[in-house]
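So the structure is just underneath, and the comments pick up after that.
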Amino acid sequence: QQLVKTKSPSAAKAISPNLFGIFFEDINYAADGGLYAELIQNRSFEYSASDKRDWNSLTAWQFTKEGFSYGTISVETSSPVHSNNPHYVVLNIEETGRDGVGLNNTGFDGIVIKAGEQYNFSLFAKQLTANAIPVTVQLRSKKGNLTNEATINTDSKDWKKYTATLTATQSDDSAMLVIVAKATGKIALDMLSLFPQKTFKDRSNGLRADLAQTIADLQPKFMRFPGGCLVHGDGLGNMYQWKNTIGPLEQRIEQRNIWSYHQSVGLGYFEYFQFCEDIGAKPLPVVAAGVSCQNSGGTWRIGGTGQKGLSEAEMKVYIQDVLDLIEWANGASTTTWGAKRAAAGHPEPFHLQYIGIGNEDKITPVFKERFKMIYEVVHAKHPEITIIGTTGPFHSGEDYDLGWNFANEVKVDMVDEHYYEKPEWFINNLKRYDNYARAASKVYVGEYAAHDVKRRNTLRSALAEALYMTSLERNGDVVLFASYAPLLGRKGHTQWNPNLIYFTGTQICPTINYYAQKLFTNNEGDLYYPNVITANVADTAKTFAASCVKDSKTGDVILKIVNRDSINLSAKINLSGLGALNTNAVVTLLSGDPDAENSCESTQNITPKTSNITVNKSFTYQAPPSSLTVIRIHTK
Ligand code: AHR
């Protein structure tokens, strides 16, 4: 390869090597019915009207007694598998008839199965009458059988877990699970579960492979979890409690989802940390600051108590929970909480480095007092952990200043800023961080998205974000993390738009914004070079922005050029000072009609296109109209 000789590097600035990551919140069916690969909806009969007005223990289930069979079904709570999971069903089979008495489950908009693939079924059962009651399980469509029929010979008067494997003989997008009791008597059933055997990295209790892979393809540097508003819930009783989400599934404590559905917490803290490890992302858990949603006490909900923050006694327990989280993640397997991690199959620590406290909380005395209590203890006991505070729900004005005043007072390591704004806002705020104090708290742009008209995921919105992301790279010495939000949205079940990745039971539909993010996340650097790319465009036009970073690990120099204009843009590139460069470079281009969007009906409208170009120490690149270009140049 021909090499371009250049001068030695100068004026480079070290920037965050972990700038771009992901924000995961269980909103829009992101967990149950989404990333979590469980195919049965309401497997543990814990749905209730507090999740959604017309939901109950039997939502997504149908009782069947066809073919001259007789019997009844009841939902009971007197003797559950575990007190944390109180509801179960009892089938009272009086006459088995031709088809038996049983239950059907249609999963999330129908169960999707693929011919030839295997599915792991499990349930807990308890015989309530003297005789054994065999049950059969199968996947069916309205037209007939889709898998083999497995027979489970229940043989215990105590709760016992049984498993069976079903092999799909046909593909179907709307199968249902059919479980039928084949003898008279009474039997109790709970935790009826069905997973594809193929999950992401073949994990048991794992994640949906295609969706997880789409996330992994981003190569995010960190992953925030579990939100968002889900962190604090909509009342003190609805906070996300990490301890309720680990351990055996039947012992986890499910709860209402603030976005008006249900959290099985099957995708809990263990699954989250394991996923981070599987995709090479640093875990960034966020815990509530001991206050409810914007310190409201959840008063808008029936049953909202109005209590804004945890009491002093409750705070003691709560702070210990936060310390225990750190021990669970990082402690030796001989420690109390490290042992629980080890028991789940991960004796090695997870290497937690960051923790967020609070999400968009109003900076009130109630919040400040509780934040400080948590911050001081965690900081004293774990100086190795970077603590991320919040500037509150606002990103400008007096309330935002309150957030910064408090951050400065506490000297918190980093603060979380959120903004969902029109594309124009991003374009007009490209200099937002240029003058931020370098010695003050660092910034995590924890939630952002450009909201175009009708909240569509247009190329226009993606380019506004891309433009802005070049400014985050330029300010990567003060902005250490940034994550688009929200990440996932199941079509037909969204409470929020736009999202980065839409999906159905069968399809993954990445937005144009996803591809813009991917171009940044896949092309990060740890050194920023100013003034490498220039264009003859007035600063006020705000149609052009660019960045040049170098990734010290690979030695690659990466140029990003955004052209929002409707005509070509000549970008002048001067690579003097960047060392010896390979003349062959890879160009990835995202461009098209600014009003275009991808959808599940048309996933490929705008996707990145890759080609090769020859570069020189000094060259001109013609950026097409409405485009984001990434040019990757090897130095080795
Ligand atoms: O991302 C959706 C919501 O927006 C988050 O839950 C909340 O933090 C923000 O207001």
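Explain nothing, just the number: relative contact order of region 61-196, from Cα pairs under 8 Å at least 6 residues apart, as a whole percent.
Relative contact order of region 61-196: 33 percent.
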* Structure fact -> Per residue convex hull volume, Cα only, region 543-634, in Å³ is 98 Å³
* **Charged-residue dipole, Cβ positions (Lys, Arg, Asp, Glu), region 143-295 about Cα centre, Debye nearest 20** => 220 debye
* Using only Cα atoms, what is the ratio of the radius of gyration of the chain to 2.2 N^0.38 Å? -> 1.05
* Using only the C-alpha atoms of region 61-196, find the volume of their convex hull and express it per residue in Å³. => 97 Å³
* Asked: So, by mean Cβ neighbours within 10 angstrom, what's the order for 326-335, 446-455, 40-49, 152-161 with the highest one leading?
  -> 40-49, 446-455, 326-335, 152-161
* lysines whose Cα lies under 25 Å from that of LYS572, excluding same-chain neighbours fewer than 8 positions away -> LYS5, LYS7, LYS13, LYS431, LYS518, LYS542, LYS550, LYS560, LYS609, LYS617, LYS636
* Structure fact -> Those cysteines in the chain that have no second cysteine Cβ within a distance under 4.7 Å are CYS229, CYS276, CYS293, CYS548
* To do: For the chain, find the longest principal axis of its Cα atoms and tell me its angle to the long axis of helix 397-410, 0 to 90°, nearest 10.
  => 90 degrees
* Asked: Over the chain, what is the relative contact order in whole percent, taking alpha-carbon pairs under 8 Å and six or more residues apart?
  -> 15 percent
* Relative to the longest principal axis of the chain, what angle (0 to 90°, nearest 10) does the C-alpha long axis of helix 512-521 take? -> 70 degrees
* Just from its helices, what would the mean residue ellipticity at 222 nm be for the chain, if runs of 4 or more DSSP H residues each count -39500 (n - 2.57) and the sum is divided by every residue, rounded to the nearest 500 deg cm²/dmol? -> -5500 deg cm²/dmol
* Cα gyration tensor shape of region 459-575, rounded if a/c is under 1.5, else prolate or oblate by comparing a/b with b/c -> prolate
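Calculate the dipole size of region 61-196 relative to its Cα centre from +1 charges on Lys and Arg beta carbons and -1 charges on Asp and Glu beta carbons; express the result in debye to the nearest 20.
Dipole magnitude for region 61-196 comes out near 160 debye.
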* Asked: Which entries in LYS308/LYS368; LYS201/LYS491; LYS114/LYS198; LYS157/LYS186 show an alpha-carbon gap greater than 18 Å?
  -> LYS201/LYS491
* Where the only charges are on Cβ atoms (+1 Lys, Arg; -1 Asp, Glu), what is the dipole of region 405-555 about its Cα centre, to the nearest 20 debye? -> 500 debye
* Angle in degrees between helix 312-330 and the longest Cα principal axis of the chain, rounded to the nearest 10 -> 80 degrees
* Cβ-based exposure ranking for LEU218, LEU211, in which fewest neighbours within 10 Å come first -> LEU211, LEU218
* **Two-decimal Rg/Rh across region 325-446, once Rg and the Kirkwood Rh are taken from alpha-carbon atoms** => 1.07
* Asked: Once a ≥ b ≥ c are taken as the square roots of the eigenvalues of the Cα gyration tensor of region 12-138, is the result rounded (a/c under 1.5), prolate (a/b larger than b/c) or oblate (a/b not larger than b/c)?
  -> prolate
* Asked: In a shell of Cβ-Cβ distance under 10 Å around ASN84, excluding ASN84 itself, what net charge do Lys and Arg (+1) and Asp and Glu (-1) give?
  -> -2
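Laboratory data are not the source of any read-out in this text; all were calculated from the coordinates shown. The model shown is predicted, which means the values in this text are computed figures rather than measured ones. Here the Cβ is made from the backbone with ideal geometry for all residues, glycine too, and neighbour counts use every protein chain on show.
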